[in-house]
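All remarks here apply to the structure that follows.
Derivation of every value follows stated rules applied to the coordinates shown; laboratory data play no part. This one's a predicted model, so the numbers in the text were calculated from it and none came from an experiment. For neighbour counting, all protein chains shown are included, and Cβ atoms are generated from backbone atoms with ideal geometry for every residue, glycine included.
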């Protein structure tokens with residue numbers, strides 16, 4: 001029986017080539033001029049057109065963010081690849097994602113690690129992502145509605161943490177939920193001066209941070225508005 005041709009195959013290949021070129025250009029800042037082959041392969045496998053509104057599917061494999069409603073976007077594929085690569089995901093890792101959105105980043109991570117726990121404060125986005133990820137067959141992702149500032153302590157500590165919304169400073173609850181030897185990637189800084197920040201925790205529990213690249217993300221919700229949220 002003849003296999004159905006993937007109408008997006010050529011666009012995916014072109015997107016991977018664009019990501020590789022941008023990695024070279026930004027390498028002096030990020031220290032990552034070449035992304036891991038398995039990270040690029042995961043980007044190539046995940047059907048990004050399933051994570052955008054139907055009317056935007058023709059643009060799904062452009063290297064740019066696309067709106068998903070609620071003043072949110074599905075991130076630029078290069079940024080997804082960069083953040084994933086910087087995390088240095090391993091098959092045995094348990095990862096926390098803050099900011100599920102449409103579920104695209106969670107799907108990419110699920111291709112590479114043991115389990116992903118992801119949360120979003122917007123119930124409609126979380127519900128849509130859960131339905132989408134289940135339909136696509138991702139069984140190693142758990143999702144809940146909650147304010148990501150506080151993380152998801154029940155399943156921590158996490159080998160890796162990825163945050164897809166910006167904070168002025170790294171939230172202390174997330175630092176506490178990062179396992180010794182773990183890595184976190186998070187956009188930090190004021191709205192007009194954000195940077196993608198790598199947080200590393202040594203085996204002894206000492207934290208260090210390093211800014212990698214200027215970025216622009218929507219802001220993580222103010223914890224004062226959600227006292228006691230989890």
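Miscellaneous remarks
- Likely footprinting exposure, 24, 19, 68, fewest C-beta neighbours within 10 Å first: 24, 68, 19
- The fewest-to-most ranking of 220, 109 by surrounding Cβ atoms within 10 Å reads 220, 109.
- Which of 193, 114 has the fewest Cβ neighbours within 10 Å, and the rest in rising order: 193, 114
- Distance distribution P(r), segment 101-210, all Cα-Cα pairs, bin width 10 angstrom from 0: 14, 44, 35, 7, 0 percent.
- Look at where the Cα atoms of segment 1-68 and of segment 187-216 average out, and the two centres are 25 Å apart.
- The chain: angle of helix 9-30 to the longest principal axis, Cα-based, in degrees nearest 10: 40
- Here is how the number arises for the chain: DSSP H runs of 4 or more residues each give -39500 (n - 2.57), the sum is divided by the residue count, and the result at 222 nm is -9000 deg cm²/dmol.
- Gain upon complete extension [residue 41, residue 190; 0.36 nm per residue less C-alpha separation]: 50.3 nm
- Normalised convex hull volume, the chain, alpha-carbon set, Å³ per residue: 128
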